[in-house]
Amino acid sequence: MRIFSGIQPTGAKHLGNYSGGFRQYAATQAEGDAFFCIVDLHSITVDYDPEALRSSTYDLFALLLAAGIDPERSTVFAQSHVTAHSEAAWLLSAVTSYGQLGRMTQFKDKSEQREFVSAGLFTYPILMAGDILLYQTDLVPIGDDQRQHLELARDVAERFNQRFGETFRVPEGRFPEIGARIMDLQEPERKMSTTGGTPQGTVLIADPPQTVRKKIKSAVTDSGRDVRHDRQEKPGVSNLIEIMSVATGESFADIEARYDGAGYGPFKSDVADAVVALLDPIRERYRELRADEQALRRLLASGAEKAREAAAPTLETVYERMGFTRP
Ligand code: TYM
């Protein structure tokens, strides 16, 4: 089975990325032939700093390894190292609907937030479709916020197959049962995010323990005092229950039972401990791995080589089916 997922190097990585991203990558790599892509080409669709992009690419690579991705077993690479991704984005734009791109909620949200809206922000999902389809992917582990983009990738695959003949496998998404959408701690009706959330409500993987504790203890909770999972009535507490469940693997029922009648204070303090215990070892490994940039560079280069080989036959078929002459 082919597994593919991508993650942007820019923006500090947070607990939401851990839950919908890193945690799933590490778990799914055992199920098949996995490709994890640092999507640096996606990062240029909003304002960014070129120097920061370079170092954050290595930061993210080290973090992926620290979170348990095994570079011997899985292919980890930077999107810009494999030119097939840029080519596929252009070719697939021929079978992507302009109307569907305009309906992407991420585009609508992000374009409202800024004065300059790049064309790349609009065509972003085509690049993402190419990422996935080039590898004949079966399974895409992602968080809930990428659902609509995956749906578009499936539509693109189907339209291409219909128009030019069977070429792409139509991929399925894999969303975690718990923690597919971690919410902002201060505004639990919004997803946790470094672009759309609040700084106080966003727990970064890089945050030191005292910062993690402070953020979790000051999370907004709901009226009443019972620790119960109910996203409608109790969004703040439900989010904390999910976070605890992600960190410890316990079920909601076990967590609810343990804090029955205890109030929010002790509960929050234990959630904070659980998150610190989860992130501490990752941060520690990250520091070690990040210190050796030469080694990271070598590993990324060998990842790119494997990715190029895997993507090339599909790209070639796309050119042929679309009627291009080949050199
Ligand atoms: P990105 O970089 O924004 O996020 C990486 C992963 O983290 C998940 N995630 C969350 N999960 C739970 N709760 C949250 N609050 C939360 N915030 C983020 C995301 O769902 C994602 O799985 N467009 C993609 C990157 C991409 C990609 C791909 C993904 C490019 N090409 C091909 C899969 C396949 C993105 O910007 O993810």
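Ignoring solvent entirely, what values of log10 I(q)/I(0) come out of the Debye formula for the chain at 0.06, 0.16 Å⁻¹ when each Cα is a single scatterer? Computed log10 I(q)/I(0) values: -0.22, -1.38. The protection proxy used here, the mean number of other Cβ atoms lying within 10 Å of each residue, ranks peptides 129-136, 68-75 as follows, highest first: 129-136, 68-75.
Remark: H85, H149 ranked as H149, H85, counting other beta-carbon atoms within 10 Å and listing the fewest first.
Comparing region 131-264 with the 2.2 N^0.38 Å rule of thumb, its C-alpha radius of gyration ratio is 1.34 (two decimals).
Farthest towards the positive end of the charge dipole of region 78-128, among the residues L91, S80, Y124, is the Cα of Y124, using unit charges on the Cβ of Lys, Arg, Asp and Glu. Eigenvalues of the alpha-carbon gyration tensor of region 1-129, scaled by 5 and square-rooted, set the equivalent ellipsoid semi-axes at 25, 18, 14 angstrom, largest first. Evaluating 6.51 cos²θ - 1.76 cosθ + 1.60 at θ = phi - 60° for every residue in region 201-218, the Karplus couplings come out as x, 10, 8, 8, 4, 7, 4, x, x, 5, 6, 4, 4, 4, 5, 6, 5, 9 Hz, glycine and proline recorded as x. Averaging the sequence gap over all C-alpha pairs within less than 8 Å and six or more residues apart, then dividing by the number of residues, gives the chain a relative contact order of 22 percent. Highest mean packing comes first when the peptides 249-261, 300-312 are listed by Cβ atoms within 10 Å, giving 300-312, 249-261. Residues in region 244-254 carry Karplus couplings, in order, of 5, 5, 5, 6, 10, x, 6, 7, 4, 4, 5 Hz; the curve used is 6.51 cos²θ - 1.76 cosθ + 1.60 with θ = phi - 60°, and Gly or Pro positions show x.
When Rg and the Kirkwood radius Rh are both evaluated on Cα atoms of region 182-326, their ratio Rg/Rh stands at 1.20. Net charge dipole, the chain: roughly 300 debye, given to the nearest 20, about the Cα centre with Cβ charges of +1 for Lys and Arg and -1 for Asp and Glu. Ordering 2-11, 88-97 by mean Cβ neighbour count within 10 Å, with the highest value first, yields 2-11, 88-97.
Taken together, the values in this text are just the output of simple stated rules run on the coordinates, not laboratory data. Given the structure is predicted, the values throughout are model-derived calculations rather than measurements. When we count neighbours, we look across all protein chains shown, and the Cβ atoms used for this are built from the backbone with ideal geometry, even at glycine.
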